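Below is one structure, written out as structure tokens; the observations come after it.
Values in this text are rule-based calculations from the coordinates and carry no lab data. A quick note: this is a predicted structure, and the numbers were derived from the prediction, not measured. Every residue, glycine among them, receives a Cβ derived from its backbone with ideal geometry; neighbour counts consider all protein chains shown.
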Amino acid sequence: MNNILIIGAGRSATALINYTLNKAKENNWFVTVADADPALAERKVNNHPNGRATWLDALKDNDRRELIGRADVVVSLLPAHLHFEVAQDCVKLKKHLITASYVSQEMQKLGDKVRNHELIFMGELGLDPGIDHMSAMQRIEAIKAKGGKITAFRSYAGGVVAPESDDNPWHYKFTWNPRNVVRAGTGTAQFFENGKFKYVPYHRLFREHWMVNIQDMGEWEAYANRDSMLYREVYGLNGIPNIVRGTLRHKGFCDAWAALIKIGLTDSSFPIFDSAKLSYHEL
């Protein structure tokens, strides 16, 4: 039996936990879900015969390594800054690793050790990044197979609310760590447009959005998503004059978020003391 360890049982983990448990019997898997909130992990496992929930403080090295040591495959759905600790353990204990987060420079530096141990480390396997990469390569390879030439690459993704659940003025709901949504207001973006390098600082990111028409879904706002330049080589599109990866949101989202950035609500570099006593206007 193959043992799968999923570290983290938060919002982003629900679909994966359900999938692995549903497929566990036919694939001879046993799934362990570890989280700092054991009650949350237990609810996600839901007494499945091929699964168990357990407590884990990912910052406690010995506890983390003990769990990883029992696994064949580790899936880290921890906050991105904690992946490296898990990755180092997986290299040392010779365990395969999967994450949904962007591959950091720290993680890239482990590449030689991973290959030397004949391990599989796979990152960027979520929605964005993840499914967008797979659909992109599917299209790119299909076009090249027909002898086509690609002069522009534009990819859009977004965790949008289903129409039947769209019941708030923001037209948005948190399906992942809310802190990461806020931190998106502190990031920059860069891409190529008509052969020119474009850099967007964080305070302009949501102001410089544009409209995209999606078949059968109408118009959506889009804003540039991080560093599109990295993927020219990855996608085999070196020299292409237009490449941008974008995030989709409902109309009005970007202007509202730009206002939050302008008044400093996405800046976590300083604390606001006694904020509970202040009105929204005073904040």
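Assorted remarks:
- Gyration tensor (alpha-carbon) shape descriptor, the range 191-272, a/c threshold 1.5: oblate
- Between ILE150, ILE261, ILE214, the GNM of the chain built on Cα springs shorter than 10 angstrom shows ILE214 fluctuating the most.
- Model label points for LYS60 and LYS251, set 7 angstrom from Cα along the Cα-to-Cβ axis, are 5.3 nm apart.
- Residue-wise HN-Hα coupling along the range 167-183, computed from phi with Karplus coefficients 6.51, -1.76, 1.60 (Hz; x: Gly, Pro): 10, 9, x, 6, 6, 8, 9, 7, 10, 9, 4, x, 4, 5, 5, 5, 5
- Shape analysis of the range 141-283 based on the Cα gyration tensor places the equivalent ellipsoid semi-axes at 33, 19, 12 Å, largest first.
- Per residue, the convex hull around the alpha carbon atoms of the range 1-153 comes to 138 Å³.
- Computed [θ] at 222 nm, helices only, for the chain once each DSSP H run of length n ≥ 4 contributes -39500 (n - 2.57): -9000 deg cm²/dmol
- If the convex hull is drawn through the Cα atoms of the chain, its volume per residue in Å³: 188 Å³
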